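Single-structure report; data block below.
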Amino acid sequence: AWLTRVGKPAAPDTKGKVVLVDFWAPWCGPCRRLIPELNQWQKEFKDDLVIIGISDEPAPKVEQFMKNTTVEYAMAVDTRRKEMTKAALGVQGIPHVMVVDSTGIVRWQGFPQSGEDTLTTEVLRQIIAADKAQRAEKKDDKPGEGKDGKGGGETPKKD
């Protein structure tokens with residue numbers, strides 16, 4: 001596997017959720033400053049959002065960092081280092097965040113603390129709300145089912 005989990009042993013369940021991927025490194029000051037905000041977002045949106053931090057630093061360095069820093073979301077290490085994940089996605093610098101909806105479409109990407117297009121709680125809230133609406137609409141569009149999901153739609157009234 002090219003990603004190795006660090007810290008929490010279980011992989012997060014991403015089905016039907018928005019996923020925020022944070023490319024970071026323990027030595028990166030802006031990356032470290034983002035962690036409390038990521039922790040807060042994971043708590044606030046726990047039912048709808050999965051956050052995964054990915055570092056290309058060696059696992060022992062990441063594990064040592066996590067001993068002294070509270071990280072309340074999933075963490076992984078890219079074992080092939082820069083050749084795989086960051087290169088494949090065109091990540092140029094860190095921290096670099098990608099917010100991906102439940103269908104796999106990237107809805108936000110970039111430097112989260114940028115003055116031009118800052119990733120905020122409100123931006124995440126909008127992405128999550130749009131994703132929920134999209135999933136609800138898809139559920140309602142199933143053939144042979146009415147809006148209540150029980151099938152058949154409305155029954156005509158007899159006079």
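Bear in mind these aren't lab numbers, they're just calculated from the coordinates by the rules spelled out. Everything numeric here is computed off the predicted structure, so don't read it as measured data. Glycine gets a Cβ as well: all are built from the backbone with ideal geometry, and neighbour counts include every protein chain shown.
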Net +/- balance of residues flanking residue 27 in space, Cβ distance below 14 Å, scoring K and R +1, D and E -1: +1
Taking the Cβ-Cβ separation of residue 135 and residue 37 as r and a Förster radius of 22 Å, what is the calculated FRET efficiency to the nearest 0.05? 0.30
Filter 15/61; 67/132; 17/61; 46/138 down to the pairs with a C-alpha to C-alpha distance above 26 Å, please. 15/61; 67/132; 17/61
Between residue 46 and residue 89, what length in nm is gained on full extension when 0.36 nm per residue of separation is reduced by their alpha carbon distance? 12.9 nm
Would you mind computing, in nm to one decimal, how far apart the modelled labels at residue 118 and residue 61 are, each placed 7 Å from Cα along Cα→Cβ? 3.0 nm
